[in-house]
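Presented below is the structure to which this report refers.
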Amino acid sequence: MERTIEVSNIWERVWRHRRPVAMFVVVGTLLAGLVAFLLPPWYQATGSLLPPSQEESAFGIARLLRGVAVPGVSLPTQATPADVFVAVLESQRLATEIAARFDLKKRYRKKYMQDVLKELHQHTKFKLNESGTLTLAVEDKDPKIAADMVNTYIELLDQFNREVRMTKGRRTRQFVEARLDETRKGLKVSEQKL
């Protein structure tokens, strides 16, 4: 048994209830317009970064095995600088610094810092694009604050990178100095034996 629907029957029902349907459409449109005009607008500021290329720093067997797929064996891979950038940008340390600089407790009307950080996380996006660039996006009710927040994220990331490079350089210098001292001592011992 086939069931057919006649459009004329549906049209007659709609026509009979045209006033409630029209009233529903008008009220819904007015409510949507009222909400759209009463809610404050949110502005989004974006910034893009080009992370440094991955350095070929592995030596020996790790360098030979990089990129080789061995069935059933999972080899640890090194994180790319872009992955590190995203992890640093999403870190609680940077989020806490942003919250403190922009007084986000007051701005977001939150009592606890944990709630502030959740709210900040909802308004920030960090995306690694296929082209290798990293896009930062921050939303705020004030376009200047949104732009300042993006710039602050970039500034804090730069500061973090400088600290890491200095620490790495310091460790390298200390290692070279220690090796130099050992070599001098070994040279003195050898000279005394002669």
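The values are calculated or read from the model by the stated rules, or taken from the named source; none is laboratory data. On a predicted model such as this, the values are computed, not experimentally measured, just so you know. Backbone-built Cβ (ideal geometry, glycine too); neighbour counts: all protein chains shown. We work out accessible area using only protein heavy atoms, side chains counted, and drop any ligands, DNA or RNA first. Shrake-Rupley method; radii C 1.70, N 1.55, O 1.52, S 1.80 Å.
Worth a mention:
- Residue within segment 124-142 that is at pLDDT 85 or above and assigned to a helix (DSSP H, G or I) present: no
- Taking the listed residues ALA82, ALA95, ALA100, the one that is part of a helix (DSSP H, G or I), modelled with pLDDT of 90 or more and either out of contact with any helix residue (DSSP H, G or I) (no Cβ under 7 Å at 6 or more places or on another chain) or open to solvent by 40 Å² or more (accessible area, probe 1.4 Å) (or both) is ALA100, with no other qualifying.
- Qualifying residues in segment 87-118 (those that are without any contact (Cβ under 8 Å) to a residue 12 or more places away in the chain and not charged (D, E, K, R)) - the one farthest from GLY47 (Cα to Cα): TYR112
- For the residues LYS188, LYS111, LYS168, the requirement of being open to solvent by 80 Å² or more (accessible area, probe 1.4 Å), out of contact with any Phe, Trp or Tyr (no Cβ under 9 Å at 6 or more places or on another chain) and either of a type in the set (Gly, Ala, Ser) or not in a helix (DSSP H, G or I) (or both) singles out LYS111.
- Taking first residues from segment 171-182 that are free of Cβ contacts under 8 Å to residues at least 24 places away in the same chain and partners that are not charged (D, E, K, R), no Cβ contact under 8 Å between residues at least 6 apart in sequence or on separate chains turns up.
- Checked against the criteria, PRO20 counts as open to solvent by less than 100 Å² (accessible area, probe 1.4 Å) and more than 46 Å from the chain's Cα centre (by Cα).
- Being closer than 30 Å to LEU39 by Cα and open to solvent by less than 40 Å² (accessible area, probe 1.4 Å) is a property that LEU157 lacks.
- Annotation: of all residues in segment 119-154 being touching a residue at least 24 places away in the same chain (Cβ under 8 Å), of a type in the set (D, E, K, R) and under 17 Å from ALA95 (Cβ atoms), the one that is least open to solvent (accessible area, probe 1.4 Å) is ASP140.
- For segment 23-47, the set of residues classified as touching a residue at least 40 places away in the same chain (Cβ under 8 Å) and not small (Gly, Ala, Ser) consists of PRO40, PRO41, TRP42, TYR43, GLN44, THR46, listed by residue number.
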